[in-house]
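I have placed the structure first, in the form of structure tokens, so that the comments after it can refer back to it.
The values are calculated or read from the model by the stated rules, or taken from the named source; none is laboratory data. Predicted model, so just to flag it, every value in this text is computed and none were measured. In this analysis, Cβ positions are derived from the backbone assuming ideal geometry, glycine residues included, and neighbour counts consider all displayed protein chains. Remember, those area values only see protein heavy atoms, side chains included, never the ligands or the DNA or RNA. Shrake-Rupley method; radii C 1.70, N 1.55, O 1.52, S 1.80 Å.
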Amino acid sequence: MILRYLSYIYMLSHVVVLANPQKPNIVFILSDDHALEAISAYGSWLKDHAKTPNIDRISKSGMTFHNMCVNNSICSPSRASILTGQYNHTNGVMKLHGKIKAGSPWLPKELQAFGYQNYLVGKWHLDSLPEGFEKFKIVDDQGEYFNPSFLDEQNQTVKTAGYSTDVYTDQALEWLSKHKSADPFMLMLNFKAPHYPYDYPERYESLLENSQIPEPLNLYEDLTKSSPMLKNRCFGQMAKARSYFRRQYKSTTPEMSKDGVDTWTGQVSAAYQHMSKKYIRCITAVDENVGRVLDYLEHNNLNDNTIVIYGSDQGYWLGQHGLYDKRLILDQSIKMPFIISYPKLIKNNKNFELCSNIDIAPTLLDLVGATPPSEMEGVSMLPLLKGEEVNDWRQAIWYNYTSNPNHYGIKTKEYTYVKFHESMDFEFYDNLKDPWQNKSEHKNPDYAAKIASAEVVLQRKLKELQLTESGVKKMGIKKNRKRNKQ
């Protein structure tokens with residue numbers, strides 16, 4: 001009788017365990033300005049030079065998103081959307097250094113209420129202090145590449161010696177090693193790298209030193225002809241406006257080439273090679289430290305029950321159109337790398353649906369079994385992660401950038417339609433016939449019907465977001481008095 005009773009208790013406890021499985025941990029690694037073209041798993045023209053074997057480990061065991069887009073390609077607004085699951089006009093962070101509106105949901109707070117312990121280390125770049133984290137160590141503004149100073153949850157500032165990417169990872173691994181609680185956790189590891197000026201640790205000083213980095217097909221594009229209102233107004237040009245060449249002309253690490261720089265093409269070429277080598281050295285250190293985190297999870301048997309994400313707060317121009325930086329609605333700027341692994345649920349796969357950074361927070365809550373709050377405007381990607389076909393998935397991405405060049409619009413798989421806050425001008429790109437988005441077709445009469453159709457889709461999107469076009473234009477006309485520290 002006693003044996004039968006004990007057997008019953010065992011069976012009952014086993015059922016309870018099965019009915020209440022352990023909630024998965026989350027390790028969310030977010031870099032700054034890491035173009036997906038500089039991740040070898042994405043297979044770009046740089047795959048043999050910008051090698052990222054550790055980030056590729058996440059891709060090989062998880063899902064790699066090829067159309068994850070930001071709704072505002074600049075640091076603070078993108079981070080606010082990732083945290084809140086809301087568009088920037090809703091959460092209040094339209095420009096750099098913004099403060100998240102009271103009443104907006106916070107992913108870490110929602111997880112905390114669901115039983116999670118959360119830790120944040122690295123770049124923050126919001127005027128709001130972190131909420132929903134038991135502990136945090138954040139750097140002011142962009143932070144420094146070397147010897148970073150951290151502000152913690154006790155309002156104490158501590159300076160730490162070393163290269164920032166290494167130091168941030170040291171802090172993250174130290175917290176993980178001390179996390180002895182049975183509660184699940186979310187670790188957010190936010191690198192400064194590879195933000196301009198792409199400083200790298202001394203150990204990569206000679207990486208690609210004697211190599212010629214392959215050029216993108218449109219490095220020497222004439223922007224005055226191909227995109228007079230959008231690309232041509234972008235300050236981040238290789239050899240015009242606030243040019244990379246002028247900013248780095250005296251650089252000796254690596255040395256800026258002086259061959260043929262009396263011509264525009266010579267300056268573009270020299271700037272591209274210099275930028276590419278610095279950038280790749282910088283992201284190589286990021287990849288090395290991603291490997292340290294993955295190794296820790298593996299060696300401590302945390303792999304199977306941990307959701308691992310690698311992403312960036314936006315895309316980045318790596319010479320396409322003769323540009324560096326981001327900001328524009330076009331693909332290399334708007335598409336952020338997003339790779340997610342969770343062996344219990346996600347199989348190795350690629351996804352090409354139009355997803356947005358506002359989808360990340362509701363997806364993570366859905367993944368761990370929590371209900372995303374109704375205030376979140378994003379859509380859970382859980383069906384996509386399960387490999388299900390979703391017939392009514394999003395068909396257009398909304399975009400609104402309110403600093404120079406002020407513009408807004410929509411991106412679909414077929415086209416990108418761009419309008420401007422301060423004028424009636426527009427540009428239109430055929431993403432199927434012109435995947436590199438080399439030329440705006442706004443003056444081409446053959447596109448009149450497609451442009452009219454795009455206008456209908458734009459108006460439908462505005463109505464969905466409860467916005468008016470006049471209201472959107474006012475957002476961009478307001479001058480940003482705070483200098484963009486980029």
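Being open to solvent by less than 60 Å² (accessible area, probe 1.4 Å) and either touching a strand residue (DSSP E or B) at 6+ places or on another chain (Cβ under 9 Å) or more than 30 Å from THR64 (Cβ to Cβ) (or both) is not true of VAL390.
So, in the stretch 216-234, how many residues would count as being of a type in the set (D, E, K, R) and open to solvent by less than 10 Å² (accessible area, probe 1.4 Å)? Of the residues in that region, 1 qualify. The set of residues from the stretch 178-187 being in contact with a Pro (Cβ under 9 Å, 6 or more places away or on another chain) and either under 20 Å from ALA161 (Cα atoms) or open to solvent by 10 Å² or more (accessible area, probe 1.4 Å) (or both) comprises just one member, PRO184.
Output the residues belonging to the stretch 81-103 that are among the small types (Gly, Ala, Ser) and on the phi > 0 side of the Ramachandran plot. Hits for the stretch 81-103 are GLY85, GLY92, GLY103.
If the requirement is being hydroxyl-bearing (Ser, Thr, Tyr), assigned to a loop (DSSP other than H, G, I, E, B) and out of contact with any Ser or Thr (no Cβ under 9 Å at 6 or more places or on another chain), which of these qualifies: SER104, SER76, SER44? Of SER104, SER76, SER44, the one residue that is hydroxyl-bearing (Ser, Thr, Tyr), assigned to a loop (DSSP other than H, G, I, E, B) and out of contact with any Ser or Thr (no Cβ under 9 Å at 6 or more places or on another chain) is SER44. Here TRP175 meets the list (1) open to solvent by 20 Å² or more (accessible area, probe 1.4 Å); (2) closer than 28 Å to LYS47 by Cα; (3) among the aromatic types (Phe, Trp, Tyr) almost entirely, failing just condition (2). Which one is surrounded by the fewest Cβ atoms within 10 Å (Cβ to Cβ), of the residues in the stretch 235-260 that are touching a residue at least 12 places away in the same chain (Cβ under 8 Å) and hydrophobic (A, V, I, L, M, F, W, C)? It comes out as PHE235.
Restricting attention to the stretch 431-486, the residues that are open to solvent by less than 80 Å² (accessible area, probe 1.4 Å), at pLDDT below 95 and part of a helix (DSSP H, G or I) total 2.
The set of residues from the stretch 312-361 being among the aromatic types (Phe, Trp, Tyr) and within 27 Å of ALA270 (Cα to Cα) comprises TYR316, TRP317, TYR324. Among the residues making up the stretch 147-184, those that are among the aromatic types (Phe, Trp, Tyr) and over 22 Å from SER76 (Cα atoms) are TYR163, TRP175. Residues in the stretch 398-408: is at least one more than 24 Å from the chain's Cα centre (by Cα) and either more than 20 Å from GLN86 (Cβ to Cβ) or modelled with pLDDT under 95 (or both)? No, because not a single residue in the stretch 398-408 is more than 24 Å from the chain's Cα centre (by Cα) and either more than 20 Å from GLN86 (Cβ to Cβ) or modelled with pLDDT under 95 (or both). The set of residues from the stretch 150-169 being open to solvent by 50 Å² or more (accessible area, probe 1.4 Å) and within 26 Å of TRP106 (Cα to Cα) comprises GLU153, GLN154, ASN155, GLN156, THR157.
For (1) in contact with a Leu (Cβ under 8 Å, 6 or more places away or on another chain); (2) at pLDDT 95 or above, each residue gets a yes or a no:
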| site | (1), (2) |
| --- | --- |
| ARG57 | yes, yes |
| LYS60 | no, yes |
| MET63 | yes, yes |
| ASN67 | yes, yes |
| ASN88 | no, yes |
| GLY98 | yes, no |
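For the stretch 21-41, name all the residues that are surrounded by fewer than 23 Cβ atoms within 10 Å (Cβ to Cβ) and either of a type in the set (Ser, Thr, Tyr) or modelled with pLDDT under 95 (or both). Answer for the stretch 21-41, where residues must be surrounded by fewer than 23 Cβ atoms within 10 Å (Cβ to Cβ) and either of a type in the set (Ser, Thr, Tyr) or modelled with pLDDT under 95 (or both): PRO21, GLN22, SER40.
Scanning the stretch 337-379 for residues being open to solvent by 20 Å² or more (accessible area, probe 1.4 Å) and free of Cβ contacts under 8 Å to residues at least 40 places away in the same chain gives a total of 4. The helices (runs of 4 or more DSSP H) found wholly in the stretch 233-334 and carrying at least 2 residues that are closer than 17 Å to PRO197 by Cα and aliphatic (A, V, I, L, M) occupy 264-299.
Can you tell me which of CYS75, CYS69 is of a type outside the set (Lys, Arg) and touching a Cys at 6+ places or on another chain (Cβ under 9 Å)?
Testing whether each residue is of a type outside the set (Lys, Arg) and touching a Cys at 6+ places or on another chain (Cβ under 9 Å) leaves just CYS69.
Of the residues making up the stretch 394-410, those that are in a strand (DSSP E or B) and farther than 17 Å from SER356 by Cβ number 1.
Checking each residue in the stretch 107-139 for being more than 21 Å from ILE26 (Cβ to Cβ) and touching a Ser or Thr at 6+ places or on another chain (Cβ under 7 Å) picks out only VAL139. LYS413: in a loop (DSSP other than H, G, I, E, B), modelled with pLDDT under 95 and open to solvent by 60 Å² or more (accessible area, probe 1.4 Å), yes or no? So LYS413 fails the test. Residues in the stretch 261-278 that are within 21 Å of GLY162 (Cβ to Cβ) and open to solvent by less than 10 Å² (accessible area, probe 1.4 Å): there are none.
Here's a check for you: in the stretch 47-73, which residue that is hydroxyl-bearing (Ser, Thr, Tyr) and touching a Ser or Thr at 6+ places or on another chain (Cβ under 7 Å) is nearest to ILE309 (Cα to Cα)?
SER61
For beta carbons closer than 6 Å, sequence separation of 6+ or different chains, a first residue in the stretch 295-321 that is touching a residue at least 40 places away in the same chain (Cβ under 8 Å) and a second that is in a loop (DSSP other than H, G, I, E, B) and of a type in the set (Ser, Thr, Tyr), the qualifying pairs are ILE307/TYR342; GLN314/SER73.
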